[in-house]
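Please read the structure below before turning to the comments.
The values are calculated or read from the model by the stated rules, or taken from the named source; none is laboratory data. Only a predicted model underlies this, so the values are computations on that prediction, with no experimental measurement involved. Ligands, DNA and RNA are excluded from the accessible area calculation, which covers all protein heavy atoms including side chains. Shrake-Rupley method; radii C 1.70, N 1.55, O 1.52, S 1.80 Å.
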Amino acid sequence: MIFGGLIVVALFAALIAPFFIDWTAYRTAFEREATRILGQPVHVAGTAKVRILPLPSVTFTDLTVGENPDGTPMMTVESFSMHAELMPFLSGQVRIVDMLLQKPDLSVTVGEGGTVAWTARKELLVDPGKVHVENLKIEDGSLRIEGLAGGRVIRGDGFSAHVSAQSLVGPWHIDATGNIDGVPVAVGLST
């Protein structure tokens, strides 16, 4: 009887405690771990929220990821939220149930030898083969690709996408719509 009461108290505390914790104060720890997971520097200038039950979830606003050679961020995101399953963490896996990126702005700079800064990652905390993404949704995304032959720059905007992946190394499934250089496009990709 006492054991059941302790479980109820623990679950109740897990449900209400996140509302009384200032998660923004833990921004540095979140940035450090996200940097290790992505292999690029991550900075959170906005707010942070965490919920433990029923699914662990995090929400951040005003993020920047990476840095291009000219000092601009590789990506900015207005809002990022993610729900993950708890049990796979115990076996070293990450199972993302839902992820939402609102207004991501991706900047890709192609270097002289055809290199892309996104591929120059630092040490990774998580094996990309152990990260499963069930549903990644992108809303109102934009992109810019610079450093192409002849100084050409490709611009895209208004992107919406649904993405899933068995792991970060693939296979991937992507359905997206948006505009590239003012022309409406629809993309369906499976690897």
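Under the rule of at least 5 residues apart or a separate chain, name every residue whose amide H is placed under 5 Å from the amide H of L55.
none
Through the Karplus equation 6.51 cos²θ - 1.76 cosθ + 1.60, θ set to phi - 60°, convert the phi angles of segment 175-191 into ³J(HN,Hα) values in whole Hz; use x for Gly and Pro.
10, 9, 9, x, 10, 10, 6, x, 9, x, 9, 10, 10, x, 9, 10, 10
With every protein chain kept in place and ligands, DNA and RNA left out, what is the accessible area per residue of segment 32-72? Probe 1.4 Å, answer in Å².
Computed with neighbouring chains in place, this is 53 Å² per residue.
List every residue whose amide H lies under 5 Å from the amide H of E67, counting only residues 5 or more places away in sequence or on a different chain, with H placed 1.01 Å from N in the peptide plane.
Excluding prolines and chain starts, which carry no amide H, the hits are M74.
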